[in-house]
């Protein structure tokens, strides 16, 4: 009610503004120009003028990325290098998703450095991607099997994190199944008495 009282004067003013215009003014086409301000500088320009311009592409960076991608498709070491460059934004645009894809390709081809890097990424998490102890254990296990000492040192951490994650999942699953029980025993405050709702 209070809100309606506040809105009433605004609606009345809007209607008065329209009533002050003649029918011809109300039907007149809008101006062909609009005022566009950027900072302290304003310009009148035609409505059809397109203002947005895509960012200028770095042609050299695009050529580097294409050349690295072709090389990476053939050589696991190049795939690893490209993955690192994409993670760091070194000479190419930073892209963590593509970085992981290239690192996975290198790791799948048996490159220990890529397997260790993936194990670390999945153990710690990267940007919006949280940690994934099971993936970390898998990648670190592959690198440790090839004799990598850093992977052998990190593998127990990944296994412990995986056990903790599984235990947490089991606790959450038990909580979810128990959650449904609380409301079956909760009493009602009101009951239906034929003529209407009655408070207990």
Distance-filtered residues of the range 95-123 - backbone nitrogen under 14 Å, label point 7 angstrom along residue 129 Cα→Cβ: 95-108, 114-123
Gained length - residue 35 relative to residue 167, 0.36 nm times residue gap less alpha-carbon distance: 41.4 nm
Length-normalised contact order for the range 112-177 - Cα pairs under 8 Å, 6+ apart - percent: 28
Segment residue 42-residue 66, extension gain: residue separation times 0.36 nm, minus the distance between their alpha carbons: 4.5 nm
Quotient of C-alpha Rg and 2.2 N^0.38 Å, computed over the range 83-149: 1.06
Pairwise Cα inverse-distance average, inverted: Kirkwood Rh of the range 60-109 (Å): 10.2
Stretchable slack from residue 190 to residue 101, in nm (0.36 nm times residue separation minus alpha-carbon distance): 26.2 nm
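No value in this document is a laboratory result; all are computed from the given coordinates. Computed from a predicted structure; not experimentally measured. A quick note on method: Cβ atoms are made from the backbone with ideal geometry, for glycine too, and the neighbour counts reach across all protein chains shown.
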